[in-house]
Amino acid sequence: MFTAIFGSVEMGIIYAIMALGVYLSFRVLDFPDLTVDGSFVTGASVSASLIVLGVNPFLATLAALAAGFIAGSITGILHTKGKINPLLSGILMMIALYSINLRIMGTTSQTAIGVPNIPLLNSDTVFTAVGSWSSAIGIDGMLNGLFTAIGLGGDLPETWGILIFMLLLTFLIKVLTDRFLKTDIGMALRATGDNQRMIRSFSANTDSMIVLGLGISNAMVAFAGALIAQYVKFSDIGMGIGMIIIGLASVIIGEAVFGTKSIARTTLAVVGGAVIYRIVISLSLQVQGLDTGDLKLITAVIVIFALIMPKVLERHRMKKRKEKRYSEMMKAISADRREGEAIAASKAD
């Protein structure tokens, strides 16, 4: 059980980067971008292909980030310059990326133009280097010894380096996102999502903001795709199916649990929501009668629950507030009545 939850936290931290990208497009820009399902695989296919071809895994991961930025920017251009509906422009780019991703993975084969998957079992990845680093400096031995000493040494992970590395990387990206959204460009981006007509009145180029925002959003998504491919040791053409739902679930769960009072708190909520989502999925699959084929159904139920519960809780809070106001009003009326009776009694005397 501990290993399953530990693995869920590791994957949740990686998926949190993708969730931050979804947050930028759906919440900040108010743009329903379905490119995510395609750009996630783009990141995975670019990094996996370059790694198989002998490129340094860190450089391959950065190349995936650049590829995601290009894909997102094209979606923005289709909408702003081509005047295509936001939803349709994302769908068109997602469909186009399916063939593009096959071609990208096909660069590793001399016998086929398109390849549906690339195994990385015998290839060095970012996490291979991180695992070797954590083992060399003794982090794994120290933490495993600590857990063994407190009586939790029965089912410990092979390495702690991946979790530590991903925590540092994800929170670095979170902090950079917070700072970016507080810059002039970031505030213009937020204003574009809130009210395009208003921001245009201040001579801001909303088209550029949309293209930039979608580029950054899909760059994060592709970056997460590259890391996931290296984590699970393969890239597959179907690994991006339903990714937008996972991202939305992470955003919605995080906002419901942690709140959205500030930018820093909201982005932290998104990261926390991604981790909670992966843990809930892991625990759900432990239930007897459920298997991996039920994953999409479980995801849908979680999203529905996360969407409905905040509204139910808000109605409950409003009902409580009304009852409190009514009780206070009745107490005030009762006090006024007693005071009036006392005054009338004193005059009668």
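Every number in this text was worked out from the coordinates using simple rules, so none of it is lab data. Being a predicted model, the structure only gives us computed values, none of them experimental. For neighbour counting, all protein chains shown are included, and Cβ atoms are generated from backbone atoms with ideal geometry for every residue, glycine included.
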| So which trypsin sites (Lys or Arg not before Pro) in region 1-90 pass both tests, a DSSP loop state and at most 13 other Cβ atoms within 10 Å of the Cβ? | Lys81, Lys83
| query | For region 15-167, what Kirkwood radius comes out of the mean inverse Cα-Cα distance, in Å? | reply | 17.8
| query | Just the Cα atoms of region 11-105: what Rg and Dmax do they give in Å? | reply | 13.7, 41
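Take the Cα radius of gyration of region 250-326 and divide it by 2.2 N^0.38 Å, with N its residue count; two decimals is plenty. List each step's numbers first, then the result.
Numbers: Rg = 15.6 Å, N = 77, 2.2 N^0.38 = 11.5 Å.
The reported ratio for this selection is 1.36.
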| request: May I ask you to compute the full-extension gain from Met318 to Ser201, defined as 0.36 nm times their residue separation minus their alpha-carbon distance, rounded to one decimal in nm? | output: 38.4 nm
| said: For the chain, what is the number of Lys pairs with C-alpha distance below 26 angstrom, counting only pairs 8 or more positions apart or on separate chains? | reply: 19
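Whole-Å semi-axes of region 210-349's equivalent ellipsoid, largest first, each the root of 5 times a Cα gyration tensor eigenvalue? Intermediate values should be presented prior to the final figure.
On the way: eigenvalues 589, 75, 22 Å².
Ellipsoid half-lengths, sorted descending, are 54, 19, 10 Å.
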| note | Computed ³J(HN,Hα) along region 78-85: with the Karplus parameters 6.51/-1.76/1.60, θ = phi - 60°, integer Hz and x for glycine or proline, the list is 4, 6, 7, 8, x, 6, 8, 3
| What Kirkwood hydrodynamic radius, in Å, does region 229-279 give when the mean of 1/r is taken over all pairs of distinct Cα atoms and then inverted? | 11.8
| query | Once you wrap a convex hull around the alpha carbon atoms of region 283-341, what is its projected area averaged over all directions, in nm²? | reply | 5.9
| task | Evaluate 2.2 N^0.38 Å with N set to the residue count of region 92-205, then give the Cα radius of gyration divided by it. | result | 1.73
| 5 angstrom amide H check on Phe234, placed H, neighbours 5+ away | Leu120
| remark: Given 4 °C, 1.567 mPa s and a Kirkwood radius over Cα pairs, the Stokes-Einstein diffusion coefficient of region 178-263 in µm²/s is 85
| said: Based on alpha-carbon centroids, what's the gap between region 85-102 and region 209-249 in Å, whole number please? | reply: 13
| So how tilted is helix 295-348 from the main axis of the chain? Cα-based, degrees 0 to 90, rounded to 10. | 10
| field | Total charge dipole magnitude, the chain, about the Cα centre, Cβ charges on Lys, Arg, Asp, Glu only, Debye to nearest 20 | value | 1360
| remark: Phi-derived 3J(HN,Hα) across region 266-274 with the Karplus relation (6.51, -1.76, 1.60, θ = phi - 60°), rounded Hz, x for Gly and Pro, is 5, 5, 5, 5, 5, 4, x, x, 5
| remark: Over all pairs of different Cα atoms in the chain, the reciprocal of the mean inverse distance gives a Kirkwood radius in Å of 22.5
| Can you work out ³J(HN,Hα) from phi for every residue in region 180-195, in order, using Karplus 6.51 cos²θ - 1.76 cosθ + 1.60 and θ = phi - 60°, giving whole Hz and x for Gly and Pro? | 4, 5, 9, 7, 4, 5, x, 5, 5, 5, 5, 5, 4, x, 6, 7
